[in-house]
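See below for the structure under consideration.
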Amino acid sequence: MREALSYDQPIRVPVNPARSGFAAVASVLVIGVVIVVLGTSVTLLSINGLQGSFSYRQGAQTRFLADSCVEEALLVINETESLPTSLTTPEGTCDLTLDAQVGDAWEFTVESNFEGNVAVHSVEADRGSVVSVTEWMEE
């Protein structure tokens, strides 16, 4: 006959010694995988942010170069009444294209290339006693 169970006595469950550390090892492995995945994600997001920042900075430098060349071209038109095919500024070199010139009205295009980024500006200006820009467009 079986002995009656009493509720005030703990129930003893036999433990298999071969599986005693399984839960701890599994928990450590899962936590390790989660940490590696989070670390990789943060690293990749940081790299992506840096690349975006670098690309934005190069684009800004390219536009700044084109702006500098437009201003230099307007100065040359004012002083010499001619437009060279290229200009070199401290920021870099630009190519200039004379699209049209009728009397004092000048239309020209400036193209700057800075480390693979290209900026193109189209300018219309009148040269009287001073040069006045009538249109300046970034393409």
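The values are calculated or read from the model by the stated rules, or taken from the named source; none is laboratory data. On a predicted model such as this, the values are computed, not experimentally measured, just so you know. Heads up, the Cβs are rebuilt from the backbone with ideal geometry, glycines too, and the neighbour counts pull from every protein chain shown.
Cβ-Cβ under 7 Å, sequence separation 6+ or interchain: first residue in region 113-132 and hydrophobic (A, V, I, L, M, F, W, C), partner crowded, with 17+ Cβ neighbours inside 10 Å and at pLDDT below 90. Which pairs?
Between residues of region 113-132 that are hydrophobic (A, V, I, L, M, F, W, C) and residues that are crowded, with 17+ Cβ neighbours inside 10 Å and at pLDDT below 90, the close pairs are PHE114/GLY92; ALA125/VAL131.
Pull up region 75-92, narrow it to residues that are of a type in the set (Val, Ile, Thr) and touching a residue at least 24 places away in the same chain (Cβ under 8 Å), then point me to the one that is nearest to VAL130 (Cα to Cα).
ILE77
Six or more apart or on different chains, Cβ atoms under 8 Å: show the pairs whose first residue is in region 52-64 and closer than 16 Å to PRO90 by Cα and free of Cβ contacts under 8 Å to residues at least 60 places away in the same chain and whose second is surrounded by 13 or more Cβ atoms within 10 Å (Cβ to Cβ) and among the small types (Gly, Ala, Ser).
That search, which allows pairs on different chains as well, returns THR62/SER112; THR62/ALA119.
Can you tell me which residue is nearest to VAL70 (Cα to Cα) among those in region 121-135 that are among the hydrophobic types (A, V, I, L, M, F, W, C), surrounded by 14 or more Cβ atoms within 10 Å (Cβ to Cβ) and within 34 Å of the chain's Cα centre (by Cα)?
Among those residues, the one meeting the criterion is VAL123.
Give me the strands (runs of 3 or more DSSP E) completely within region 85-139, filtered to those with at least 1 residues that are farther than 13 Å from ALA73 by Cβ, ordered by residue number.
92-102, 105-114, 117-127, 131-138
Kindly check whether there is at least one residue in region 68-79 that is modelled with pLDDT under 90 and small (Gly, Ala, Ser).
no
Can you name the condition, by its number, that GLN61 falls short on among (1) modelled with pLDDT of 90 or more; (2) touching an Asp or Glu at 6+ places or on another chain (Cβ under 7 Å)?
Here GLN61 meets the rest and fails (2).
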